[in-house]
1. State which residue is nearest to the chain's Cα centre (by Cα) when the search covers only the stretch 39-86 and only residues that are among the acidic types (Asp, Glu) and within 18 Å of Trp139 (Cβ to Cβ).
2. Looking at the stretch 19-28, is at least one residue crowded, with 20+ Cβ neighbours inside 10 Å, more than 18 Å from Leu116 (Cα to Cα), polar (S, T, N, Q) and modelled with pLDDT under 95?
3. Identify the residue in the stretch 29-53 that is surrounded by fewer than 20 Cβ atoms within 10 Å (Cβ to Cβ) and hydrophobic (A, V, I, L, M, F, W, C) and, among all such residues, is farthest from His90 (Cα to Cα).
4. Considering only residues of the stretch 81-96 that are part of a loop (DSSP other than H, G, I, E, B) and touching a Ser or Thr at 6+ places or on another chain (Cβ under 8 Å), which is surrounded by the fewest Cβ atoms within 10 Å (Cβ to Cβ)?
5. All but one of (1) surrounded by fewer than 18 Cβ atoms within 10 Å (Cβ to Cβ); (2) assigned to a loop (DSSP other than H, G, I, E, B) hold for Leu135; which doesn't?
6. Looking at Ser56, Ser6 in this structure, which one is over 19 Å from Gln133 (Cα atoms), open to solvent by less than 20 Å² (accessible area, probe 1.4 Å) and in contact (Cβ under 8 Å) with a residue 24 or more places away in the chain?
Amino acid sequence: MSPMSSAIHMTAAAWNTIRQEVAAGPSRLETGGILLGHDYGDILQVTVAGDPGPNSQRTRDTFLRDRDHAARLAAVAWEVDRARWIGDWHTHPNTPPVPSPIDLASYARHLRDPDLDFDRFLSVIIGLDDQRQALVAGWIVTRDAVHPVPVRLGDPQ
């Protein structure tokens, strides 16, 4: 299925995790976490959004998740409903919610890593406007292109 015809469905529980992390953190530093769920081809279903973890590193322009924490979240999600790592989410407090060169380099490393076995990587970026309102943008990254995709928040009807 073409990335252009894909959409991201994020459960209410996953979106609530992201909202809580965005609200709790200092607005001038990036934060984020892993996205776990299912890739159904035309739909990427996010069932779990991870928090950054206690050993994450945050700056104004970068975010590095706590890998051990993310691995534990992924193990639990796999046991619950066979959800797997399909992407990441993070904030851009100082720039629009568009993948930066740092983001793109990170996604390219994931896509090249044979142990991860990604055909495509999901990126959800949260920009914050002057009133700290979230601007949500979804992106599907492949080895050849980066495509914007709609993000549907909340559980399917």
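The values are calculated or read from the model by the stated rules, or taken from the named source; none is laboratory data. Predicted, not measured: the structure shown is a model, and the values here were computed from it. Here the Cβ positions follow ideal geometry from the backbone for every residue, glycine too, while neighbour counts run over all protein chains shown. Heavy atoms of the whole protein, side chains included, go into the accessibility calculation; ligands, DNA and RNA do not. Shrake-Rupley method; radii C 1.70, N 1.55, O 1.52, S 1.80 Å.
1. Looking at residues that are among the acidic types (Asp, Glu) and within 18 Å of Trp139 (Cβ to Cβ), I get Asp39.
2. No: the stretch 19-28 contains no residue that is crowded, with 20+ Cβ neighbours inside 10 Å, more than 18 Å from Leu116 (Cα to Cα), polar (S, T, N, Q) and modelled with pLDDT under 95.
3. Ile43
4. Applying the first criterion (part of a loop (DSSP other than H, G, I, E, B)) to the stretch 81-96 yields 82-83, 93-96.
Next cut, touching a Ser or Thr at 6+ places or on another chain (Cβ under 8 Å) only: 83, 93.
Values: Ala83: 20, Pro93: 18.
The qualifying residue surrounded by the fewest Cβ atoms within 10 Å (Cβ to Cβ) is Pro93.
5. Only one criterion in (1) surrounded by fewer than 18 Cβ atoms within 10 Å (Cβ to Cβ); (2) assigned to a loop (DSSP other than H, G, I, E, B) is unmet by Leu135, namely (2).
6. The unique qualifying residue is Ser6.
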